[in-house]
């Protein structure tokens, strides 16, 4: 199924001078960055900074206007989205991307099918579905129509669906959006666990407590450009970042 | 876990028994008419596959039906070799499949979806109808077969096995066999990867793309297979009646399968099949008594379906029966 071989490439993802414009709007402007294997990286920035567009360029939903995307050492700039997905780039979308009129298990089956060995037995499929349900703690639900689930349950279901791809690069777009504190804590635990298993994760989030809790390295975007990059603690001290994003007035200390 | 007996399966089994024994208790005329109803059902299954399963709302079935029908007519009349009619049938079906594949390729790889597919396919059907309707002059002939404008082509031979013309009861079983083959294949894929793939595309294209589904390609293949099934219906109709006219690609022909599938239950093959047979029988019975109310009744039934049972009449009936069975068996246990 995968066309890109696993190499010992240290850099899983590399964007080289990537730009994207929609008509006259420059959503992403000469943006370059790298994500190393096993890294847990956060992309932050004000609304409209181009974070989600960067995700859409990585997954192949949009073609880039200029620049190159390198994944595991291979240029995937021209690769269609479905092939990128089959090669291990998985995304959890901002708005829950679940199949609302189908049941929980059917959702997971759809998510699994392209990542199992061809002609796998029905039992293997059911087992894979069971494991995914257990991973996100939805065992008690049974097999309901997904449209009837709560927002949080749909979010976790989609995380499980994303993990069905056994990804090498996991993109999480505002995972904690709409979550209460308890749910956020569970989600943070889940992301940390995945990171400990060696998964390379790139995520977007606005909840700074959540980001502080899990991210090590942070890239800040502003007007489609890379604004700053570094350790979370350094970024939080950076006055320019505070001005554009963290909402504190310059020099203020509360 | 034992699977509950579903109303859908009961109805399917009932239909099977009815269809196989029909020639035993009905006369030659009824048997022949039921062969025609099954042809309508095959056309409805094409619609059910493309729209109901894969979510591609298309009026193209009429175009592929007509192309299959004309292709079979021209092939069988120009060669005049009746022993080869099964071959002509296959070639005609192949032609409508290829046409569907080409149209599907340009639409889906061109990023066209939803209502625009409906518009394009409706135009294709109407353009073909208009074109064939103006072929009355003697200059319009293909391989010596006059296309005949609005009157169409007459005297087309039925399907032959060797020297044996397939008519009457054998033709009835031949059509039934094809109907069941299409139905069984489509029901079989439902719980397999292919079925999940189509449903995933129907429910959410953008998300399915990011689960590794090659959307455009699958849409094109399904559209082409819809062309195969519709073309098959067209060929069978031509062989059944011995004639074909541009009406076969007209507005009514293009909309009837859509209406049947929508009113019967578009996400359920059995519902589409059963409702198609009931519809065809009903309109035929009405028109035989001298009135043309058939289309009005279909229109009204569509409105009622949209207002009250959006999942379709037959599906609603299945649900009621299922509930009743659940209630009755639950009561027995309790």
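Rule-based calculations on the coordinates, nothing more; no lab input. In this text, all values refer to a predicted model and were calculated from it rather than measured experimentally. Please note: Cβ atoms are built from the backbone with ideal geometry, for glycine as well, and neighbour counts cover all protein chains shown.
Dividing the convex hull volume of the alpha carbon atoms of segment A:99-166 by its residue count gives 75 Å³ per residue.
The share of C-alpha pairs in segment B:30-249 whose separation exceeds 23 Å stands at 47 percent.
Per DSSP H run of n ≥ 4, the term is -39500 (n - 2.57); total these for chain B, divide by its residue number, and report the mean residue ellipticity at 222 nm rounded to 500 deg cm²/dmol.
It lands at -24000 deg cm²/dmol.
Spin-label model, residue A:5 to residue A:231: label points 7 Å out along the Cα-to-beta-carbon direction sit 3.8 nm apart.
Relative to the longest principal axis of the Cα atoms of chain B, the long axis of helix B:313-333 makes an angle of roughly 30 degrees. In the distance distribution for segment B:48-176, Cα-Cα pairs more than 17 Å apart total 65 percent.
Rounded to a whole number, what is D in µm²/s for segment A:20-134 from Stokes-Einstein with the Kirkwood radius over alpha-carbon pairs (37 °C, 0.692 mPa s)?
Rounded, D is 197 µm²/s.
Here the mean projected area of the convex hull built on the C-alpha positions of the protein assembly as shown is 34.0 nm². Note that segment A:175-215 shows a convex hull volume over its alpha carbon atoms of 57 Å³ per residue. Taken along its principal axes, the alpha carbon cloud of segment A:56-195 reaches lengths of 46, 41, 29 Å, longest axis first.
Measuring r between the beta carbons of residue B:321 and residue A:95 and using R0 = 30 Å, the FRET efficiency lands at 0.20. Note on residue A:197 and residue A:139: with the Förster distance fixed at 22 Å, the Cβ-Cβ geometry gives a FRET efficiency of about 0.60. Put simply, the Cα atoms of segment B:119-229 extend 55, 36, 19 Å along their principal axes, the longest span coming first. Maximal additional length on extending the residue B:81-residue B:141 stretch stands at 19.7 nm, based on 0.36 nm per residue less the C-alpha distance. For chain B, the longest principal axis of the C-alpha atoms and the axis of helix B:251-264 are separated by about 20°.
Note on residue A:22 and residue B:131: the model spin-label points, each 7 Å out from Cα along the C-beta direction, lie 3.9 nm apart. Label-to-label distance for residue B:17 and residue A:36 is 7.3 nm, based on points extended 7 Å past Cα in the beta-carbon direction.
Segment A:1-44 and segment B:109-187 have Cα centres separated by 52 Å. Taken over chain A, the alpha-carbon convex hull comes to 134 cubic angstrom per residue. Compactness of segment A:145-254, taken as the C-alpha radius of gyration over 2.2 N^0.38 Å, stands at 1.20. Seen against the Cα atoms of chain A and their longest principal axis, helix A:151-163 is set at about 80 degrees.
From helices alone, chain A scores -9000 deg cm²/dmol at 222 nm; the rule is -39500 (n - 2.57) for each run of n ≥ 4 DSSP H residues, then divide by the residue total. At q = 0.12, 0.24 Å⁻¹, what is the base-10 log of I(q)/I(0) for segment A:187-247 according to the Debye formula with one equal point scatterer per Cα and no solvent? Please give it to two decimals. So the normalised log intensities are -0.31, -1.06.
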